[in-house]
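Here's the structure, in structure tokens; my notes come after.
Read the figures in this text as sums done on the coordinates, not as results from a lab. Only a predicted model underlies this, so the values are computations on that prediction, with no experimental measurement involved. With ideal geometry, Cβ positions are generated from the backbone for all residues, glycine too; neighbour counts draw on all protein chains shown.
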Amino acid sequence: MRQRLAENPGYVFDNTTVHSREQHHCLTAAYDPMTLERLAQTGVASGWRCLEIGSGGGSVARWLAERVAPTGEVVATDIDPRHLTERPCLTVAKHDVVTDPLPSATFDLVVVRLVLQHLPQRLAVLGKLVRSLKPGGWLQIDELDTAYEPPLLTPDERAQELYETFLRTKTAVMRAAGGDPQWGRRVPAAMRAAGLTGVDPQLRLQLRHAGSAALRLQLHLTHHLQDRLITAGMTEQQLDEVRALMRDPSFCAVSSVMYSVHGRRPRQEKDGKGGKGVVS
Ligand SMILES: C[S@@+](CC[C@H](N)C(=O)[O-])C[C@H]1O[C@@H](n2cnc3c(N)ncnc32)[C@H](O)[C@@H]1O
């Protein structure tokens, strides 16, 4: 475990644990509606060449593979691709986006969801993703900002404080690993600084209430991150109590903000001397 963390210090979740299937199930249920709606807006269609970084459970890559069939290709990568399966038009690759190379000027569309915010090297990785786009190619980055996720309905003040303690500790765990819990709000400016045009941010909130995917994801986090939450100061009793709170049918809170941001690699880019040069 210590060795694995040393290899991938920015990533607090882990595809090797018993919790990872539930994590990917929750992410799919909570965020695919927005991610897929935004991907459809790019016009992705038969023949496109697409790349998904950190595909996790693979639902986005599978959707893309159906859109680009029969002549296109989707490459789904992950540092630990154990949950990914190949199918027509879908290739799976074990790939560390921080250290492994990507081909340049290759993809019509690159999508990355909930990966960069975990990686201390996120800006360097963003540059690498931009270079992998064909001129005119699309980049879609979907990431959270956890600064706004207030509780709305709790049984009493103590329960509200407990939930807020959980939120604060979760954020501290991510920061301690080099993550940026507010990365979502920084994505548009980072994409523009990386040379993309037509940067188009959209954002979405959900309600966390009993039975919702958004709340089930939080409940899941109390298990997946249990050791780290305890190291960061929560007690086992507090974790049990916050789990019971999140199972209370009357509990309701606001989700963190999900940003989905589009940008395109210019068809013509400035060359190193400030003039216009055609990208190969
Ligand atoms: C929070 S999950 C998100 C999964 C998926 N993108 C989604 O939104 O449903 C992050 C994924 O990124 C992968 N990952 C973490 N560090 C990575 C790296 N350096 N290179 C490639 N993938 C990485 C993890 O293994 C995990 O599957």
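If I ask for residues that are outside any helix (DSSP H, G or I) and either among the small types (Gly, Ala, Ser) or within 12 Å of the ligand (Cβ to nearest atom) (or both), which ones from segment 20-45 would you list?
Gly43, Ala45
Test of understanding: among Ala29, Ala40, Ala69, Ala45, which residue is surrounded by fewer than 19 Cβ atoms within 10 Å (Cβ to Cβ) and either touching a Pro at 6+ places or on another chain (Cβ under 7 Å) or closer than 18 Å to Val187 by Cβ (or both)?
Ala69
What number of residues in segment 46-79 are closer than 25 Å to Tyr259 by Cβ, in a loop (DSSP other than H, G, I, E, B) and of a type outside the set (Val, Ile, Thr)?
Total meeting the criteria: 6.
Quick check, is Leu123 within 17 Å of the chain's Cα centre (by Cα), surrounded by fewer than 22 Cβ atoms within 10 Å (Cβ to Cβ) and aliphatic (A, V, I, L, M)?
So Leu123 passes the test.
Say whether the condition of being over 21 Å from Glu37 (Cβ atoms) and part of a loop (DSSP other than H, G, I, E, B) is met by at least one residue in segment 131-146.
yes
Quick check on Gln206: is it buried (at least 16 other Cβ atoms within 10 Å of the Cβ), in contact with a Ser or Thr (Cβ under 7 Å, 6 or more places away or on another chain) and in contact (Cβ under 8 Å) with a residue 40 or more places away in the chain?
It is true that Gln206 is buried (at least 16 other Cβ atoms within 10 Å of the Cβ), in contact with a Ser or Thr (Cβ under 7 Å, 6 or more places away or on another chain) and in contact (Cβ under 8 Å) with a residue 40 or more places away in the chain.
Can you find even one residue in segment 77-94 that is touching a helix residue (DSSP H, G or I) at 6+ places or on another chain (Cβ under 9 Å), among the basic types (Lys, Arg) and within 11 Å of the ligand (Cβ to nearest atom)?
yes
Out of the residues in segment 98-116 meeting the condition of being within 12 Å of the ligand (Cβ to nearest atom) and surrounded by fewer than 23 Cβ atoms within 10 Å (Cβ to Cβ), tell me which one is farthest from Arg131 (Cα to Cα).
Leu114
Might you check whether a residue that is among the charged types (D, E, K, R) and closer than 16 Å to Leu144 by Cβ occurs anywhere in segment 188-202?
No, there is no match, as no residue in segment 188-202 is among the charged types (D, E, K, R) and closer than 16 Å to Leu144 by Cβ.
Could you identify the single residue in Gly184, Gly198 that is closer than 23 Å to Glu37 by Cα and within 15 Å of the chain's Cα centre (by Cα)? Even if it seems obvious, please write down each step before you answer.
Numbers: Gly198 fails: within 15 Å of the chain's Cα centre (by Cα).
Gly184 is the lone residue from the list that is closer than 23 Å to Glu37 by Cα and within 15 Å of the chain's Cα centre (by Cα).
Kindly establish whether Val74 is within 21 Å of Asp180 (Cα to Cα), of a type in the set (Val, Ile, Thr) and buried (at least 20 other Cβ atoms within 10 Å of the Cβ).
Against the criterion (within 21 Å of Asp180 (Cα to Cα), of a type in the set (Val, Ile, Thr) and buried (at least 20 other Cβ atoms within 10 Å of the Cβ)), Val74 does not qualify.
Name the residues in segment 46-73 that are at positive phi, near the ligand (Cβ under 9 Å from one of its atoms) and in contact with a helix residue (DSSP H, G or I) (Cβ under 7 Å, 6 or more places away or on another chain), would you?
Here is the first cut: in segment 46-73, the ones at positive phi are 47, 54, 56, 58.
Subset that is near the ligand (Cβ under 9 Å from one of its atoms): 54, 56, 58.
Of everything in segment 46-73, just one residue is at positive phi, near the ligand (Cβ under 9 Å from one of its atoms) and in contact with a helix residue (DSSP H, G or I) (Cβ under 7 Å, 6 or more places away or on another chain), namely Gly56.
Sort out which residues of segment 247-268 are surrounded by fewer than 19 Cβ atoms within 10 Å (Cβ to Cβ) and either hydrophobic (A, V, I, L, M, F, W, C) or within 27 Å of Ala176 (Cα to Cα) (or both), and write them in order of number.
Matches in segment 247-268: Cys252, Val254.
Checking Gln237 against (1) in contact with an Asp or Glu (Cβ under 8 Å, 6 or more places away or on another chain); (2) surrounded by fewer than 21 Cβ atoms within 10 Å (Cβ to Cβ), only one condition comes out false. Which one?
Answer for Gln237: the failing condition is (1).
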